[in-house]
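Report on the following structure.
The values are calculated or read from the model by the stated rules, or taken from the named source; none is laboratory data. Computed from a predicted structure; not experimentally measured. Note that each Cβ is placed from the backbone with ideal geometry, even for glycine, and that neighbours are counted across all protein chains shown.
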Amino acid sequence: MQKYSWLLTPLLLPATWVFLKIGLVFFGGGYVVIPVMHRELVTNLHWLTQQEFIDGTAISQLTPGPIAILATFAGYKISGILGALLATIALFLPGSIAMVFISRGYETLRNKKIARNVMDLLVPVVVGALIAASWTIGKDAIHSIIDIVICLIALVAIIRYKVNPAILILAAALLGLLLHYFSLQ
């Protein structure tokens, strides 16, 4: 049994349970879950630092399926490789099961007025959750006037010129390396 003790880190089951609960309320697209994950993992449980969460969010944006990557990253930081696997599965399990049942009745529900009304009411909630996530992460990521300028340039590039966010993240990383390199000279 000693040989497999690394599988049972103290936070493995609690972390899996937290990701399962997050998965139960995960509705409206990937970015909506970011403030929920932040509240649970950083604010309430202190399993990740603010900087670790910001780093995980930034890294996840470079890949397809950013929320899966963020869950995997957080699970790994909390409980290692098995934690990464279980966090990712637990996050998506409730939604996957729900989709099996919902998809069967989707065609009959989608033309119902009540279903359209419910969906119309969810849009402002999703927008509010995205703004909350942006504020929560952004307020701790912006430290100087240079950060504000970079943020505004990225915002204009995304909204006005439809630049792929991955390109902006890579450009910001390179700029950060250059600024760090020249500040050490």
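Let's see how each residue does on (1) surrounded by 10 or more Cβ atoms within 10 Å (Cβ to Cβ); (2) in a helix (DSSP H, G or I):
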site: SER103; (1), (2): no, yes
site: VAL127; (1), (2): yes, yes
site: ALA133; (1), (2): yes, yes
site: VAL163; (1), (2): yes, no
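Looking at the stretch 78-101, can you tell me whether even one residue there is within 30 Å of LEU168 (Cβ to Cβ), without any contact (Cβ under 8 Å) to a residue 60 or more places away in the chain and among the small types (Gly, Ala, Ser)? Yes, the stretch 78-101 has at least one match. Residues considered: ILE142, ILE159, ILE153, ILE67. Of these, the only one that is crowded, with 16+ Cβ neighbours inside 10 Å and either free of Cβ contacts under 8 Å to residues at least 60 places away in the same chain or touching a strand residue (DSSP E or B) at 6+ places or on another chain (Cβ under 9 Å) (or both) is ILE67. Does THR16 fit the bill of being of a type outside the set (Lys, Arg), outside any loop (DSSP other than H, G, I, E, B) and touching a residue at least 24 places away in the same chain (Cβ under 8 Å)? Yes, satisfied. Looking only at residues in the stretch 116-167 that are basic (Lys, Arg) and more than 30 Å from TYR106 (Cβ to Cβ), the one that is modelled with the lowest pLDDT is LYS139.
Given the options ALA154, ALA115, ALA133, name the one that is out of contact with any Phe, Trp or Tyr (no Cβ under 8 Å at 6 or more places or on another chain), of a type in the set (A, V, I, L, M, F, W, C) and within 24 Å of GLY23 (Cα to Cα).
Details: ALA154 fails: within 24 Å of GLY23 (Cα to Cα); ALA133 fails: out of contact with any Phe, Trp or Tyr (no Cβ under 8 Å at 6 or more places or on another chain).
Result of the check over ALA154, ALA115, ALA133: ALA115.
Residues satisfying the criterion are present in the stretch 48-60 (criterion: at pLDDT 85 or above, part of a loop (DSSP other than H, G, I, E, B) and within 15 Å of the chain's Cα centre (by Cα)). Quick one: is LEU82 out of contact with any Phe, Trp or Tyr (no Cβ under 6 Å at 6 or more places or on another chain), more than 27 Å from VAL18 (Cβ to Cβ) and either among the aliphatic types (A, V, I, L, M) or assigned to a helix (DSSP H, G or I) (or both)? Spelling it out, it is not the case that LEU82 is out of contact with any Phe, Trp or Tyr (no Cβ under 6 Å at 6 or more places or on another chain), more than 27 Å from VAL18 (Cβ to Cβ) and either among the aliphatic types (A, V, I, L, M) or assigned to a helix (DSSP H, G or I) (or both).
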